[in-house]
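Notes follow the structure.
The values are calculated or read from the model by the stated rules, or taken from the named source; none is laboratory data. Predicted, not measured: the structure shown is a model, and the values here were computed from it. Because the Cβ atoms are built from the backbone with ideal geometry, glycine has one as well, and the counts that use them run over all protein chains shown. Surface areas here come from the heavy atoms of the whole protein model, side chains and all, with no ligands, DNA or RNA. Shrake-Rupley method; radii C 1.70, N 1.55, O 1.52, S 1.80 Å.
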Amino acid sequence: MSTMTLDAAERTESARSELTGKKVAVSQAEVRKTVGQPFSDTAKLRMRDVNVFYGESQAIHNVSLDIGRNEVVAMIGPSGCGKSTFLRCLNRMNDTIEGCRVEGELSLDGEPIYGAKVDVVPLRARVGMVFQKPNPFPKTIYENVVYGPKIHGIASRRADLDEIVENSLRRAGLWNEVKDRLDKPGTGLSGGQQQRLCIARAIAVSPEVILMDEPCSALDPIATARIEELIDELRENYTIAIVTHSMQQAARVSQRTAYFHLGHLVEVNDTETVFTNPEHELTEAYITGRFG
Amino acid sequence: MQTPTLFALLLLLILVAYGTGFSRALSAARSRGGLRNLASLPSYHGLFAALWCGLPALLLLGAWLIFDDAIIRFMVMHSIADKPDTIAGQNLLYAQIQNLSAGHLIGEASPQLQSAAEHLNQLRSNANTLQAFLILVLAVGLGAFALLRFSPELRAREKVEKVLRVILITCACAAIFTTVGILFSVLFESLRFFQSVPVSEFLFGLHWSPQMALRADQVGSSGAFGAVPLFTGTLMVSAIAMLVAVPVGLMAAIYLAEYASKRVRNVAKPIIEILAGVPTVVYGFFAALTVAPFIRELATSVGLQASSESALAAGLVMGIMIIPFVSSLSDDVINAVPQSLRDGALGLGSTQSETVRKVVIPAALPGIVGGVLLAVSRAIGETMIVVMAAGLAANLTANPLESVTTVTVQIVTLLVGDQEFDSPKTLAAFALGLMLFISTLVLNFIALHVVKKYREQYD
Ligand SMILES: Nc1ncnc2c1ncn2[C@@H]1O[C@H](COP(=O)(O)OP(=O)(O)O)[C@@H](O)[C@H]1O
Ligand SMILES: [Mg+2]
């Protein structure tokens, strides 16, 4: 696993040039490889040499990473370093952006994610997503939760749907708060409740992986704590990749942490290692607050 | 002094007041060490002086222009001893006096008229002098007053903002009062109409034939004012138009907003909107000369009877005219649906069309309904196309191949040509206008209400 380490002198050189604000030469950037343990023996999601382009400009450079079964991987890094872009590759949400191109090998349980023959509809049912801003549909709470099961034909009988709604809301920790007002609009809930509703909505289609893009950035500390607890519970059944701006959050919910910098995956390690004893200077600079 | 000269002079004074206020503020600021020590910026001090100088004077000038004729007339007529009793007679007399004073009366004028005309001339020239004097004194006086009030602590900005607000409110009110004014004038004429034709006959009568006998001995035309055939005609043409415009416009909007790439969108959107800029008379002859004959031929070829002017032709072309209206309003509301909702739906594995059908359109629906209602009121009020393509015969029919007539068409035909302004035939136009006004008002009201409701959801 540690075959990915890089010549120490070269690494220090490239880190220093970035810290002093000098432009990194392309050749140097290409040479940079991820330090730490980007791979896993029980990979659920497997990404190799992923490059993402928005038109001409490259947002992700040669990223390779595994996300293990029932593992929570946190992705951190300064704004604009490509965390969201990378996350959105995993369920092909980048397809919806005009001019966005993804290269590399990505697979879910060994099956390719990209490819002419791959249908994104079942893929997205298996890889659910929770967004930065809570985005419940302007429908009732009940309708929000059954939306996915209905379009995928998972259930259509009222009794089955009722069961799915209760199950999903319970797992999202929202059931007790909303069970008496399932027919009220989901948009009328508080921010934290809306985000949990979105999680329930994602769970309702029984995904295997849940992607979360800064799910707590619009929430207050109490709602945030509630969702962090929830993520920990969800880990039993799901594989989770979470982008976060809060290092405390990454430390609390994840087993491994990936540090992105300017479109490169700089370091992946056990969360504890990353926050107590980072291998790479850039990671250290970030977590000690020297930039970000 | 002539009014334009006076006006120009006034503008000059305003400029001077502005400049003086501005420079006084500037020099005060300089002596106190910077603009920050003034309560308001120099431009506000300038505006403050300019408003004091100009606004009252302009208002007075305006009032003067509106009222001076009436006052002068009153004074002239007051000075005449034996004037006619009737209003018409008085009008005639005053017209004569006016002509005489302007120097082009033909024939003999009585001494009384002569003296009245002189009196008029005298009053006019006095009024003119008085006007110039008063207005200039007012402008200079108030301008000087404002400048004398100047001090660095003067809160000129707040006062100017207040005045500007009042000016804006006045303009807004002008628009509202115009609407109300139109409504009332139509309403009163309609009431006169309903004195000769009962409301129930107008609203529920099935026969429309507004020709009245001009002379007592004329036969035949007694006039029938049952407007139901016009209402049904209007409804049919509008319904056909909406049947064309709503699906096509809506789907065009969905394509543009959800499917088209940026490049297609940038080209297609303006092209569709050009349709909205075509004058309706062009649509009218397109309907009358191309579409209507085509429909008739088509109908005859399948063995149907079709008249050369038909509700179908007018409705189809009107629908085409309204497409850009529907599509651009729908496009706006569809674009206003947050991208995060689409992402949410796509992220759950919806296909694009499921996303559009189950999330985007329901979210945009209130706005779309509002847009469609606005389009309906447009269709009801549309005139030129139906005048040219729908016909004049007030048929009570459900067959779109027959010619029908609409409320707007009848208003036009009732008012075209020489009219007596108090015959029921002419007044009927006002009653029809009132119907149009009420129905479009109600539609617009509902539509705006719906649109507003929708806005609240996302803002
Ligand atoms: N839709 C887009 N079109 C073009 N460039 C984009 C788009 N989204 C993101 N980018 C660019 O890609 C880079 C990574 O963005 P993003 O993945 O959003 O970063 P992060 O989530 O880490 O803040 C940024 O430089 C950003 O400007
Ligand atoms: Mg982001």
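Structural remarks
- Cross-linked pairs A:139/B:358; A:133/B:453; A:139/B:453: Cα-Cα separations exceed 18 Å for A:133/B:453.
- Shape analysis of the protein assembly as shown places it in the oblate category; the axes a ≥ b ≥ c from the Cα gyration tensor give an a/c of at least 1.5, with a/b not above b/c.
- Residues with amide H under 5 Å from that of residue A:243, placed H, sequence gap 5 or more: A:75, A:212, A:213, A:214
- Unit charges at the beta carbon, dipole of segment B:319-421: most positive-side option, B:384, B:411, B:372: B:372
- Relative to the compact-globule estimate of 2.2 N^0.38 Å, the Cα radius of gyration of chain A comes out at 1.03.
- Measuring nothing but protein heavy atoms, the accessible surface of chain A at 1.4 Å probe radius is 48 percent carbon and sulfur.
- Residues whose placed amide H lies under 5 Å from that of residue A:208, excluding near-sequence neighbours: A:127, A:128
- Placing a pseudo-label 7 Å from each Cα along the Cα-to-Cβ vector at residue B:289 and residue A:183 gives an inter-label distance of 6.0 nm.
- Normalised by the number of residues in chain A, the average gap of Cα pairs under 8 Å and 6 or more apart makes the relative contact order 26 percent.
- Counting only heavy atoms of the protein chains and using a 1.4 Å probe, residue A:53 has close to 30 Å² of accessible surface.
- Under Karplus coefficients 6.51, -1.76 and 1.60, residue-wise ³J(HN,Hα) of segment A:229-240 in Hz, glycine/proline x: 4, 4, 4, 4, 5, 5, 4, 4, 10, 10, 9, 10
- Solvent-accessible surface (1.4 angstrom probe) belonging to residue B:64, in square angstrom, nearest 10: 40 Å²
- Spin-label model, residue A:246/residue B:444: points 7 Å from Cα along the beta carbon direction are separated by 5.1 nm.
- Here segment A:48-63 and segment B:1-43 have alpha carbon centers that stand 61 Å from each other.
- Karplus-derived 3J(HN,Hα) values for segment B:9-14, using 6.51 cos²θ - 1.76 cosθ + 1.60 with θ = phi - 60°, are 4, 4, 4, 4, 4, 4 Hz; glycine and proline are entered as x.
- Here, chain B is characterised by an Rg to Rh ratio of 1.11, where Rg is the alpha-carbon radius of gyration and Rh the Kirkwood radius.
- Point-charge dipole on Cβ atoms (K/R +1, D/E -1) for chain A, about Cα centre, debye to 20: 700 debye
- Per-pair calculated FRET efficiency, R0 = 41 Å: residue B:192 and residue B:398 via Cβ, rounded to 0.05: 0.75
- Exercise: per-residue mean of other protein chain Cβ atoms within 10 Å, A:148-156: 2
- Shape class of segment B:41-104 from the alpha-carbon gyration tensor: prolate, with a/c at 1.5 or above and a/b greater than b/c.
- Residues in segment B:336-354 reached by a label modelled at residue A:218 [backbone nitrogen below 12 Å; 7 Å Cα→Cβ]: B:338-344
- Residue B:289 - accessible surface, heavy atoms, 1.4 Å probe, Å² rounded to 10: 130 Å²
- For the segment B:348-361, counting C-beta atoms of other chains within 10 Å of every residue's C-beta and taking the mean gives 5.
- Set A:44/A:184; A:44/A:179; B:269/B:452; B:262/B:452; A:179/B:262 screened for pairs whose C-alpha atoms are more than 32 Å apart: A:44/A:184; A:44/A:179; A:179/B:262
- Helix-derived mean residue ellipticity, 222 nm - over chain A, DSSP H n ≥ 4, -39500 (n - 2.57), to 500: -10500 deg cm²/dmol
- Per residue of B:30-37, other chain Cβ atoms within 10 Å of the residue Cβ number 0 on average.
- Here each label is just a point 7 Å from Cα along the line to Cβ, and for residue B:8 and residue B:114 those points are 3.9 nm apart.
- Phi angles across segment A:272-281 convert, under the Karplus curve 6.51 cos²θ - 1.76 cosθ + 1.60 with θ = phi - 60°, into 3J(HN,Hα) values of 4, 4, 4, 8, 9, 8, x, 7, 9, 4 Hz, Gly and Pro given as x.
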